[in-house]
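Below you'll find the structure, written out as structure tokens, and then a few comments.
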Amino acid sequence: FDIRVGNGYDFHVFRVGRPLILGGVAIPHTKGLDGHSDADALLHACCDAILGASGLPDIGTLFPDDDPKYKDISSLSLLHDVLIQTGEKGYRVGNIDITILAEEPTMKPYVEQIKLNLAQVLQLAPSRVGLKATTMEGKGPIGRGEGLAAQVIVSLIPSGNKS
């Protein structure tokens, strides 16, 4: 049985005047994440984990931040494209495990909504999506509330659609 494993990590600093989007879910907060796209660090880390497991180039190579067509694009669109490319290589996501690293805002009220959104997008049972959040206990840029990060591990399994 051909199982592939990939990991992804992304960090974005906060910026006033932008919405905070994580896992495709808008989270009420005084700041959003700075970036060329919608800056959804969680989905960016998901993309990189999936791309790495499938042997494809990273998110920055496929969707460069100096290309105007990706300005303010929803990271759900990027993830959709990544899933298509992965499917063309004959794989689909088997399960995914995500850790959000954030001092603020508190993630607990949004974990279940993000988890269900990811299950739907990735076409997985919710039991195949692990999602948790932790703080950095006041240490480093995340602990000082300068931004947040996401770390992702994913398994890919054969889809039977190899082209």
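The values are calculated or read from the model by the stated rules, or taken from the named source; none is laboratory data. Quick caveat, the model's predicted, so the values are computed rather than measured. All Cβ positions, glycine included, derive from the backbone under ideal geometry; neighbour counts span all protein chains shown. Calculation scope for accessible area: heavy atoms of the full protein, side chains included, ligands and nucleic acids excluded. Shrake-Rupley method; radii C 1.70, N 1.55, O 1.52, S 1.80 Å.
A few points about this structure:
- V129 closer than 11 Å to N95 by Cα and open to solvent by less than 50 Å² (accessible area, probe 1.4 Å): yes
- Residues of the range 7-38 satisfying the condition of being of a type in the set (A, V, I, L, M, F, W, C), loosely packed, with under 15 Cβ neighbours inside 10 Å and within 21 Å of Q113 (Cα to Cα): A26
- When L116 is tested against the conditions (1) of a type outside the set (S, T, N, Q); (2) farther than 21 Å from Y9 by Cβ; (3) open to solvent by less than 50 Å² (accessible area, probe 1.4 Å), the lone failure is (3).
- Any hit, the range 62-69, residues being open to solvent by less than 30 Å² (accessible area, probe 1.4 Å), among the hydrophobic types (A, V, I, L, M, F, W, C) and touching a residue at least 24 places away in the same chain (Cβ under 8 Å): yes
Yes or no, residue by residue, for (1) within 13 Å of A133 (Cβ to Cβ); (2) under 14 Å from the mean Cα position of the chain (by Cα):
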| site | (1), (2) |
| --- | --- |
| L78 | no, yes |
| D81 | no, yes |
| Q85 | no, no |
| G90 | no, no |
| G94 | no, no |
| I98 | yes, yes |
| E103 | yes, no |
| M107 | yes, no |
| V111 | yes, yes |
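- Applying a threshold of 8 Å to beta carbon distances and a minimum spacing of six or more residues, or different chains, the list of pairs starting in the range 1-16 at a residue that is over 15 Å from S75 (Cα atoms) and part of a strand (DSSP E or B) and ending at one that is at pLDDT 95 or above and aromatic (F, W, Y) reads R4/Y91.
- Some residue of the range 82-99 being without any contact (Cβ under 8 Å) to a residue 40 or more places away in the chain and under 29 Å from M136 (Cβ atoms): yes
- Being hydroxyl-bearing (S, T, Y) and either touching a Pro at 6+ places or on another chain (Cβ under 8 Å) or modelled with pLDDT under 95 (or both) is a property that does not hold for Y110.
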